[in-house]
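The block underneath contains the structure these notes are about, expressed in C-alpha cells.
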Amino acid sequence: MSVLSGGQAARYVQGCIGPEQQQMCGIELTLRRAERFSSAGKVAYSNQERTLAQTEELPFDGDGWVHLGPGSYLITFNEVVCLPGDLCALARPRSSLLRCGATIETALWDPGYRGRSQSLLVVHNPCGLDLRRDARLMQLLFLRLDRPAEKSYEGIYQGENI
C-alpha cells in the first residue's frame with residue numbers, strides 16, 4: 001500500500017475550486033453546506049433497520065459565513081470523489097481547524113466509491129466556530145492497494161449528493 005501524491009490524487013477528485021487544494025499527500029476538500037441534526041438516527045447490524053438522522057441546513061449569511069455553536073454537524077463537501085478499484089481513501093482535518101477547537105470525524109472511502117461525501121464536524125470550542133463557504137477543512141489521503149479490491153463499493157451512498 002502506498003500514499004498518492006497530490007498530483008496523482010487530483011485525477012480522482014472533480015470540482016476542485018483552486019490549486020491550493022492539491023497538497024503533497026492528497027487533496028483538501030471544501031465546505032459546500034453545514035447541517036444541524038434534528039432527530040435521532042438508528043444503526044443496527046442489518047442495514048434494513050438503519051434510519052439516518054434528519055438534518056436542517058444552516059444558511060450562510062450575506063457574506064458567505066455560518067456560525068456553528070458547540071456541537072455536532074453534518075457537512076457536505078464541494079468536490080466529487082471517484083475511486084477506482086485499486087484505491088481507498090482516509091481523511092484528516094486540517095490543522096487550522098484543530099487550532100480553532102474543532103475536528104472532523106470520517107469513515108473510509110472504499111474502492112469504487114463515487115460521490116460528494118459528507119463527514120461529521122464536531123465543534124469543541126465553547127465560543128463556537130465561524131466557517132466561510134468553500135473553506136478548506138480536510139485533507140483526503142489516497143492509498144493504492146497492493147492489488148484491486150475483490151469487490152467495489154455498492155452501498156446506499158454510491159452517487160450521493162451528485
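Things worth noting here:
- Hey, residue 70 open to solvent by 40 Å² or more (accessible area, probe 1.4 Å), closer than 14 Å to residue 132 by Cα and over 17 Å from the mean Cα position of the chain (by Cα) or not: no
- Selection from the range 111-147 of residues that are open to solvent by less than 90 Å² (accessible area, probe 1.4 Å), out of contact with any Phe, Trp or Tyr (no Cβ under 9 Å at 6 or more places or on another chain) and assigned to a loop (DSSP other than H, G, I, E, B): 125, 128, 134, 135, 145
- The residue list 91, 107, 40, 102 contains one member that is open to solvent by less than 80 Å² (accessible area, probe 1.4 Å) and free of Cβ contacts under 8 Å to residues at least 24 places away in the same chain, which is 107.
- Pairs linking a residue in the range 6-24 that is part of a strand (DSSP E or B) to a residue that is open to solvent by less than 90 Å² (accessible area, probe 1.4 Å), with Cβ atoms under 6 Å and 6 or more positions apart or on different chains, are 13/27; 13/79; 13/81; 14/80; 22/6; 22/10; 23/6; 23/139.
- Scanning the range 99-110 for residues that are assigned to a strand (DSSP E or B) and either within 11 Å of the chain's Cα centre (by Cα) or at pLDDT below 95 (or both) returns 104, 105, 109.
- Residue in the range 75-82 that is in contact with a Cys (Cβ under 8 Å, 6 or more places away or on another chain), under 29 Å from residue 147 (Cβ atoms), part of a strand (DSSP E or B) and not small (Gly, Ala, Ser) present: no
- Out of 56, 79, 35, sole residue that is touching a strand residue (DSSP E or B) at 6+ places or on another chain (Cβ under 9 Å), farther than 19 Å from residue 135 by Cβ and of a type in the set (Asp, Glu): 56
- Residue tally, condition open to solvent by less than 70 Å² (accessible area, probe 1.4 Å) and either within 15 Å of residue 87 (Cα to Cα) or of a type in the set (Phe, Trp, Tyr) (or both), over the range 148-162: 3
- Qualifying positions in the range 53-67 - in a loop (DSSP other than H, G, I, E, B) and open to solvent by less than 90 Å² (accessible area, probe 1.4 Å): 53, 60, 61, 62, 64
- Within the range 1-36, tally of residues that are loosely packed, with under 14 Cβ neighbours inside 10 Å and either touching a Cys at 6+ places or on another chain (Cβ under 6 Å) or within 29 Å of residue 70 (Cα to Cα) (or both): 2
- Search result, residues across the range 25-47 that are part of a loop (DSSP other than H, G, I, E, B) and among the aliphatic types (A, V, I, L, M): 40, 43, 44
- The residues of the range 57-100 that are of a type in the set (Val, Ile, Thr), out of contact with any Ser or Thr (no Cβ under 8 Å at 6 or more places or on another chain) and closer than 22 Å to residue 162 by Cβ amount to a single one, 80.
- Among the conditions (1) touching a residue at least 60 places away in the same chain (Cβ under 8 Å); (2) under 23 Å from residue 17 (Cα atoms); (3) touching a Ser or Thr at 6+ places or on another chain (Cβ under 7 Å), residue 117 misses just one, which is (3).
The values are calculated or read from the model by the stated rules, or taken from the named source; none is laboratory data. All figures in this text were calculated on a predicted structure; none of them were measured in a lab. Backbone-built Cβ (ideal geometry, glycine too); neighbour counts: all protein chains shown. Note: areas computed on protein heavy atoms with side chains; ligands, DNA, RNA excluded. Shrake-Rupley method; radii C 1.70, N 1.55, O 1.52, S 1.80 Å.
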